[in-house]
Amino acid sequence: MSSLRKFVLQSFKKLHRTRIKVFEGDEKALTAARIKINDEYQKNKHVTDEVAIKAMIKFGEDVERELKTQVIQAREIKPGVFEARITEDTLKLENMPYNPNAVTEDGTPRPETCCQDNAQTKGNIS
């Protein structure tokens, strides 16, 4: 059980280090994440089942990985212009430029109207 305690503490510390890195400079997000992490660990401190503890450690590792790779911060530097803070851990996928003449995988051309156009039309029906 003491080895599990060691892993729980490692997971707790790792989440806090990741929180500090991901939300650097954003006091509101840093505080909210600190409170959430502390509350979750406090809420589960009485769990004694090894299987449940291992599952929670795994969940903590998954959350830490998601924070590192999926969360970015953006701030508005002037009206309508945002600056994103991307780290070396941020998952970066290959972007495809928009092609209005694209053909779907089954070979059919894309529809003439956009889904936003359809939504606006539906919203205007009286």
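The values are calculated or read from the model by the stated rules, or taken from the named source; none is laboratory data. Model, not experiment: these values are computed from the prediction. For neighbour counting, all protein chains shown are included, and Cβ atoms are generated from backbone atoms with ideal geometry for every residue, glycine included. Only protein heavy atoms, including side chains, enter the accessible area calculation; ligands, DNA and RNA are left aside. Shrake-Rupley method; radii C 1.70, N 1.55, O 1.52, S 1.80 Å.
What the table below lists for this structure:
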read-out: Size of charge dipole - segment 45-98 - debye, nearest 20, with Cβ of Lys, Arg +1 and Asp, Glu -1, no other charges; value: 180
read-out: Most to least packed among 90-98, 69-77 [average Cβ atoms within 10 Å]; value: 69-77, 90-98
read-out: Residues of segment 1-112: accessible area per residue with a 1.4 Å probe, Å²; value: 81
read-out: Stretchable slack from A84 to D39, in nm (0.36 nm times residue separation minus alpha-carbon distance); value: 13.3 nm
read-out: Virtual spin-label span in nm between K28 and V71, 7 Å along Cα→Cβ; value: 1.5
read-out: Reach of K13 by Cα under 23 Å, taken over lysines that are not fewer than 8 positions away in the same chain; value: K21, K28, K36, K43, K45, K54, K58, K68
read-out: In Hz, Karplus ³J(HN,Hα) per residue of segment 74-81 (6.51, -1.76, 1.60; θ = phi - 60°; x = Gly, Pro); value: 10, 9, 7, 9, 7, x, x, 10
read-out: Length released on extending from D49 to L4, taking residue separation times 0.36 nm less the Cα-Cα span; value: 15.1 nm
read-out: Residue-count net charge about R85 - beta-carbon cut-off 12 Å; Lys, Arg +1, Asp, Glu -1; value: -3
read-out: Rounded FRET efficiency, nearest 0.05, which uses the C-beta distance separating N95 from F12 and R0 of 41 Å; value: 0.70
